[in-house]
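Dropping a structure here in structure tokens format, bear with me for questions.
What follows draws every value from the coordinates through simple rules; no lab data is involved. A quick note: this is a predicted structure, and the numbers were derived from the prediction, not measured. Methodologically, a virtual Cβ is constructed for each residue, glycine included, from the backbone with ideal geometry; neighbour enumeration extends over all protein chains shown.
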Amino acid sequence: MRTQELNEHLKKSISIKRLEKYLAAVGGDLDKALKLYEENMRLAEAFYSPLQCLEVCLRNALNSQMCTVFGDDWLTTNKAPLGDGARVNIQKAIIELQRHGHSATQDDIVAELNLGFWVGLLGPAYDATLWRMTLYKAFNASGGQKRSVVHGRFNALRRFRNRVAHHEPIFQKPLEQLHTEIIGAIGWMCRHTSSWALYHSRFEIVSTTATD
């Protein structure tokens, strides 16, 4: 589809700054850089479904465990031993929901809180409290995982998810490994959901096409 004229327009629309890494990867050839940019778009799109499944599964798995121990209103009471940062994030989520006319129910807040909040609950600060009290149970589908391993995996995938969400280059990342880690992390919580996520993932098809 692209012509030299279109390439010049895309250079302005996308910006040379955003194309820098692509140009560097192909020796400064604009046409090849834009082709790589297009491949990167397709790869990022292919990660949408597995990353969506990972995030939704994580927040629901953690919320379920927290509700069991601290009650269904743990996000809006002081029953759970949350740090100040976590409580600030909860308040921000509530304010944002109310600003858009939502009632800020427990389910609404769970969905509004970002991935960083949920990954934060797995951090070392909560090892002796939330993890040992309840959150470890969310990852028993694979026989149990150490908190440091779980947090390390989800934190790395959170960073990768942010690159995808902010339209950053991912073509130089170990994408096959990352995809395997996403599916595997879902499997820590639910093997059936992991199989479902893998079935619907288009990564293998897209990545094969991109390398042809």
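Mind jotting down the distance between the C-alpha centroids of region 144-212 and region 84-123, whole Å?
Computed from Cα coordinates, the inter-centre distance equals 24 Å.
Expressed as a rounded percentage, what relative contact order does the chain have, with Cα pairs under 8 Å and six or more residues apart?
Relative contact order of the chain: 27 percent.
Oh, and also: Can you tell me the length gained on complete extension of the stretch THR180 to GLU168, counting 0.36 nm per residue apart and subtracting the Cα distance?
Stretched fully, the THR180-GLU168 segment lengthens by 2.3 nm.
Could you list ARG202, ARG59 in order of exposure, starting from the residue whose Cβ has the fewest other Cβ atoms within 10 Å?
ARG202, ARG59
With the cut-off at 21 Å, tell me which of the pairs LYS12/LYS32; LYS11/LYS32; LYS17/LYS92; LYS79/LYS137; LYS92/LYS173 have Cα atoms farther apart than that.
Pairs exceeding 21 Å: LYS17/LYS92; LYS92/LYS173.
Let me ask you something else. Provide the net charge surrounding LEU97, with neighbours chosen by a C-beta distance below 12 Å and charges set as Lys +1, Arg +1, Asp -1, Glu -1.
-2
When the Kirkwood radius is taken over all Cα pairs of the chain, what Stokes-Einstein diffusion coefficient follows at 25 °C and 0.890 mPa s, in µm²/s?
The diffusion coefficient I find is 128 µm²/s.
In what sequence do MET133, MET41, MET66 fall when counting other Cβ within 10 Å, fewest first?
MET41, MET133, MET66
Moving on to the next point. Dimensions of region 103-205 along principal axes (Cα, Å, largest first)?
Per principal axis, max minus min of the Cα coordinates gives 41, 36, 25 Å.
Summing -39500 (n - 2.57) over the DSSP H runs of n ≥ 4 in the chain and dividing by its residue number, what mean residue ellipticity at 222 nm do you reach, to the nearest 500 deg cm²/dmol?
The helix contribution divided over the chain gives -22000 deg cm²/dmol.
Quote the Stokes-Einstein diffusion coefficient, in whole µm² s⁻¹, for region 21-60, based on the Kirkwood radius over alpha carbon pairs, a temperature of 20 °C and a viscosity of 1.002 mPa s.
Roughly 184 µm²/s, to the nearest whole number.
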